[in-house]
Amino acid sequence: MTSSPLISLTDVAKSFTVYERAGRVRRRRRTVHAVDHVSFRVEAGSTVGYIGPNGAGKSTTIKMLIGILVPTSGEVRVGGLDPSRDRVTVARRIGVVFGQRSQLWWDLPLRDSFDLLRHIYRVPAARHAATLEELIERLDLGAFLTTPVRQLSLGQRMRGELVAALLHEPPILFLDEPTIGLDLVSKEVVRSFLAELNRDRGTTVLLTTHDLVDVERLCQRLLVIDRGRVIEDSTVDDVKARYGTERTLVVDLVEPRGPLEVPGATVVRTDGPRQWLRFARDAHTAASLLAEVTATAAVRDVTIEEPAIDDVVRRIYATAPR
Amino acid sequence: MAELAASVSAYRRLVGGRIRADWQYRTAFVVFMLGQALAMTADLGAVGLVFANVDALAGWTGTEVVFLFATSGVSFALADMLVSPVEKVAGHLKAGTFDTFLVRPVGALWQLCGTEFELRRIGRLLQPVVVLAIAVRLLDVDWTPARVLLVAVSLVSGACIFGGIWVLTSSIAFWTVETQEIANSFTYGGSQLTSYPIDVLGAWLRRLAVFVVPLASVSYLPACALLAKPMPFDLPRGAAWTGPAVALLVCLLARAVWREAIRHHRSTGS
């Protein structure tokens, strides 16, 4: 692998001028810093989750990476190219999936959309056929290839969108909220497909999402953006270890009773005979805590909950400098 | 050149896809075509009424006016069919779907005009073509190859000029939201303007048509040359052949403005 990263942003900023109504006719000019001096690199073959609250600058960043938006300042490189200058060349090397808008032809069967894309990307017929066959099999699209897109369920359509974005075999895939609105089964199909794609083809994946399970299942690395700034950039495991310092011991008691009083732990929830005790990972072990509990009450069953990534991210937002 | 061929090929496929998609709504298509046919008959009727009541319009015989009407009509209908889909850009910008075009390796204008192509607009082309064929037969003109070429060249140039104006006016959508009305006043208005001898217009409008929005070179100047009419503003006879040059200028201008519009879009993203 070469030392130059596949994707890099160096001190990238993007600001917009918006006009707000101030009184009946007058408008007030205001500059919004959607992306405020962001730098990060993505090595070939990695999977990166780009998360943040609404309006944090996720989509703006993606738009600069795919050449739709030109940054106000700073340098964006995708495969060594400037997407805003070499839009067409970059377009051939990237696949893009927008969860909220389709790139398929609404009134045409899926198969026809794929055929049109073949001509737009000028993929040789034999190559196209081979890629398409493989993708159809992996995403199990065979049953609805001849159905007009408008009649597909959201899950089916999203699988179609994935094929559409990958027909020209791009080494980089950008996904903007690919699992939004999908049911659990469809989400899982999308996730395992993307994981396979990364593993088998080495496709670099950068995705934005609000569903942290996507990140947990798919991404080695987590980038958290808030108010236009990257506030966290590390591996998912590392983030969990640093922010997820509290674990939860769930005990099923033989008899329901009031909250247990155990030093070093706090009961955060009770539900009949079941109680949730939160404790700090570095101060206690689950075993020592359990011993304390059994000394007070009879325990039927016990489980340990690791920190959920949602909680971790909530804590990252909470500790971010305002 | 290879780039252009690839764009044209992608455009052709997009048009094909659109026709197949619209075919699912063929009842609507047939009803629309019937409506067009009715409108066309009404149009012809109006022309017939003009001829019945006016022997000559500003020194032009009825047939000559019809010829002019038809050449301008063919040019306009060609542009209407091939380029007017560009006015759908406003809707795509609003829905955010324009960005889909920008992440593909083909020019956005080709994709837009291909995706929004409507076969039913062919109805608007049929009428002036038929009228033109009749007028050509009725006219007392010796159809030398040069004259036939002049008509062909002015039809194509005219289509390019109308097309260019469509692109120019649709580009406004990138800066403001509702623009179709402005665009239509130029394109449909322009089509009205070129359908009659510009001599019926006031001097101010006439100058505008010849020099500013050069629609006169679409059909009027070539018609003057073909039918041995005096040229307006004492222009030389050769001015009849200015169509391609004017068309090129309009198209270059349109291209520059379209590119600027895309650049604007990519800096504001809204």
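The values are calculated or read from the model by the stated rules, or taken from the named source; none is laboratory data. Model, not experiment: these values are computed from the prediction. For neighbour counting, all protein chains shown are included, and Cβ atoms are generated from backbone atoms with ideal geometry for every residue, glycine included.
Look at (1) within 14 Å of chain B (Cβ to nearest Cβ); (2) surrounded by fewer than 20 Cβ atoms within 10 Å (Cβ to Cβ) and you find that A:LEU110 fails only one, number (2). Would you be able to say whether some residue in the range A:231-244 is among the acidic types (Asp, Glu) and farther than 30 Å from A:VAL35 by Cβ? No, every residue in the range A:231-244 fails to be among the acidic types (Asp, Glu) and farther than 30 Å from A:VAL35 by Cβ.
Scanning the range B:1-30 for residues that are modelled with pLDDT of 90 or more and of a type in the set (Ser, Thr, Tyr) returns B:SER7, B:SER9, B:TYR11.
Total residues in the range A:276-322 satisfying the condition of being of a type in the set (A, V, I, L, M), under 35 Å from the mean Cα position of the chain (by Cα) and either crowded, with 17+ Cβ neighbours inside 10 Å or under 30 Å from A:GLU232 (Cβ atoms) (or both): the figure is 12. For A:GLY67, state whether it is small (Gly, Ala, Ser), assigned by TED's automatic domain parsing to the domain that holds A:THR235, without any contact (Cβ under 8 Å) to a residue 60 or more places away in the chain and in contact with a Ser or Thr (Cβ under 8 Å, 6 or more places away or on another chain). So A:GLY67 fits the description; yes.
Scanning the range B:3-23 for residues that are facing chain A (nearest Cβ under 10 Å) and exposed (fewer than 13 other Cβ atoms within 10 Å of the Cβ) gives B:GLU3, B:TRP23. When the range B:95-111 is examined, which residues are found to be under 17 Å from B:TRP258 (Cβ atoms), within 13 Å of chain A (Cβ to nearest Cβ) and assigned to a helix (DSSP H, G or I)? Within the range B:95-111, B:PHE98, B:ASP99, B:PHE101, B:LEU102, B:ALA108, B:TRP110, B:GLN111 qualify. Condition check: crowded, with 16+ Cβ neighbours inside 10 Å and at negative phi. Does A:VAL32 satisfy that? Judged against the criteria, A:VAL32 is not a match. Answer yes or no as to whether B:GLU64 is within 14 Å of chain A (Cβ to nearest Cβ) and either surrounded by fewer than 20 Cβ atoms within 10 Å (Cβ to Cβ) or in contact (Cβ under 8 Å) with a residue 40 or more places away in the chain (or both). Answer is no for this residue. Among the conditions (1) within 14 Å of another protein chain (Cβ to nearest Cβ); (2) more than 23 Å from A:PHE98 (Cα to Cα); (3) hydroxyl-bearing (Ser, Thr, Tyr), B:SER75 misses just one, which is (1). The strands (runs of 3 or more DSSP E) found entirely in the range A:14-106 that carry 2 or more residues being within 11 Å of chain B (Cβ to nearest Cβ) and under 25 Å from A:GLU216 (Cα atoms) are A:94-98. Residues in the range B:225-270 that are closer than 18 Å to B:SER72 by Cα and within 14 Å of chain A (Cβ to nearest Cβ): none.
Among the numbered conditions (1) farther than 23 Å from A:LEU65 by Cβ; (2) away from every other protein chain (no Cβ under 11 Å), the only one that A:ARG118 does not meet is (2).
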